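Student: Quick one: the structure is below, questions incoming.
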């Protein structure tokens, strides 16, 4: 099968990824909605602001009364009331009158403008207005931000602090969200052992199981760790079949290269899966299997990602290719692809030039990329710690000199 370039592979994966529209939304209290993806549009029966109110501490008045006020010729008004935020204004403002009010306070009837206190002078029950305000100045008009009955928030966005605040202000105590996407995670290889197992010569701790579970959770889905599977076709077939029954997507690591014990692709074919991608022109992470498991009576067709076994390759492959699919299938309306920005590298970056190469490190000061120290090995988790960006050395480029512009892919920040 043809080795695809990264952008083509991503486009193909997203085309294969189902949307979330087939999954029934579920209601959740607003207090439990943080990080969830909104499934239905929200409307409110409240205008925002709920009433005309003041954007400043100052005086509410009729703009026509002070249209000619100036520092040299201030206009004096009678202060008839003081209004704090919260209580309703009870008395109307008549010509020649003003009301002392504070930020957020309800505008009294008859007033159309607020003059901030810094351009006034108060003496007893009189206030001198020293500027001529614009009509409506410092007044937040009822419904100027949102009109009741119109869409307040459209579906397909992840609910964070700003969205929760808006929904709370609109008295939306419950919202409809997409159910969590369930993602089964398998690790293949007889050499892998659990984290609490004493290591024997030749054995390796299954770090991928832990890392991929965290990345799936950070992407807004529900990880289902399924443990390790021996390098045997029958064992792998049983594990994939079990994972498929429990999940909406399956991810495995290891077993996708061309070695004698790499059985993932052949096992998928035996299970009736369609293989769409088996290799990408990316380093680290050349072996990548993307397949569709066939539908069953109680399950629709399902995406399967077979990632490389080397831990750095597995993580880079997840960030570059799996996470966009997770975003789409979880219900996000857009912005599925990784976020790429332009930066400058502080040190030389090298590549063999025959694959698009991702070099990990840190993006600091907004646009300066600092490569990780130590070797760029697909098995070196040590210098991957602290990574927040991957510098991309394009296909056909062997060296980017210190100070050169570089495209950087952000990771772990969305």
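The values are calculated or read from the model by the stated rules, or taken from the named source; none is laboratory data. Note that this is a predicted model, so its numbers are computed, not measured. With ideal geometry, Cβ positions are generated from the backbone for all residues, glycine too; neighbour counts draw on all protein chains shown.
Student: Would you be able to say whether some residue in region 178-190 is surrounded by fewer than 16 Cβ atoms within 10 Å (Cβ to Cβ), in contact with a strand residue (DSSP E or B) (Cβ under 9 Å, 6 or more places away or on another chain), at pLDDT below 90 and not in a helix (DSSP H, G or I)?
Tutor: Yes, that holds for at least one residue.
Student: Okay, moving on. Which condition breaks for residue 373 when tested against (1) part of a loop (DSSP other than H, G, I, E, B); (2) modelled with pLDDT of 95 or more?
Tutor: (2)
Yes or no, residue by residue, for (1) free of Cβ contacts under 8 Å to residues at least 12 places away in the same chain; (2) out of contact with any helix residue (DSSP H, G or I) (no Cβ under 7 Å at 6 or more places or on another chain):
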site	(1), (2)
16	no, yes
40	no, yes
48	no, no
67	no, yes
73	yes, yes
82	no, yes
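Student: Sticking with this structure for a sec: Residues of region 27-41 being within 20 Å of the chain's Cα centre (by Cα) and surrounded by fewer than 18 Cβ atoms within 10 Å (Cβ to Cβ), which ones?
Tutor: Answer for region 27-41, where residues must be within 20 Å of the chain's Cα centre (by Cα) and surrounded by fewer than 18 Cβ atoms within 10 Å (Cβ to Cβ): 28, 30, 31, 32, 34, 35, 40, 41.
Student: With the condition being touching a residue at least 12 places away in the same chain (Cβ under 8 Å) and buried (at least 17 other Cβ atoms within 10 Å of the Cβ), I'd like the strands (runs of 3 or more DSSP E) fully within region 269-355 carrying at least 3 qualifying residues.
Tutor: Here the list reads 274-279, 287-293, 302-307.
Student: Quick check on my filter: what residues within region 3-14 are over 17 Å from residue 327 (Cα atoms) and in contact (Cβ under 8 Å) with a residue 40 or more places away in the chain?
Tutor: 3, 4, 5, 6
Student: While we're looking at this one, here's another question. For region 196-209, check the following and say yes or no: at least one residue is in contact (Cβ under 8 Å) with a residue 40 or more places away in the chain, assigned to a loop (DSSP other than H, G, I, E, B), in the same structural domain as residue 323 (by TED's automatic domain parsing) and over 33 Å from the mean Cα position of the chain (by Cα).
Tutor: The answer is no; no qualifying residue exists.
Student: Take the residues in region 8-26 that are part of a loop (DSSP other than H, G, I, E, B) and out of contact with any strand residue (DSSP E or B) (no Cβ under 9 Å at 6 or more places or on another chain), then tell me which one is surrounded by the most Cβ atoms within 10 Å (Cβ to Cβ).
Tutor: Out of the qualifying residues, it is 23.
Student: Of all residues in region 127-164, which are over 20 Å from residue 104 (Cα atoms) and part of a helix (DSSP H, G or I)?
Tutor: Result: 161, 163, 164.
Student: Could I ask something else about it? Which one of these is more than 21 Å from residue 212 (Cα to Cα) and touching a helix residue (DSSP H, G or I) at 6+ places or on another chain (Cβ under 6 Å): 366, 374, 353?
Tutor: 374
Student: So which of 235, 243 ends up being surrounded by 23 or more Cβ atoms within 10 Å (Cβ to Cβ) and out of contact with any helix residue (DSSP H, G or I) (no Cβ under 8 Å at 6 or more places or on another chain)?
Tutor: Of 235, 243, the one residue that is surrounded by 23 or more Cβ atoms within 10 Å (Cβ to Cβ) and out of contact with any helix residue (DSSP H, G or I) (no Cβ under 8 Å at 6 or more places or on another chain) is 243.
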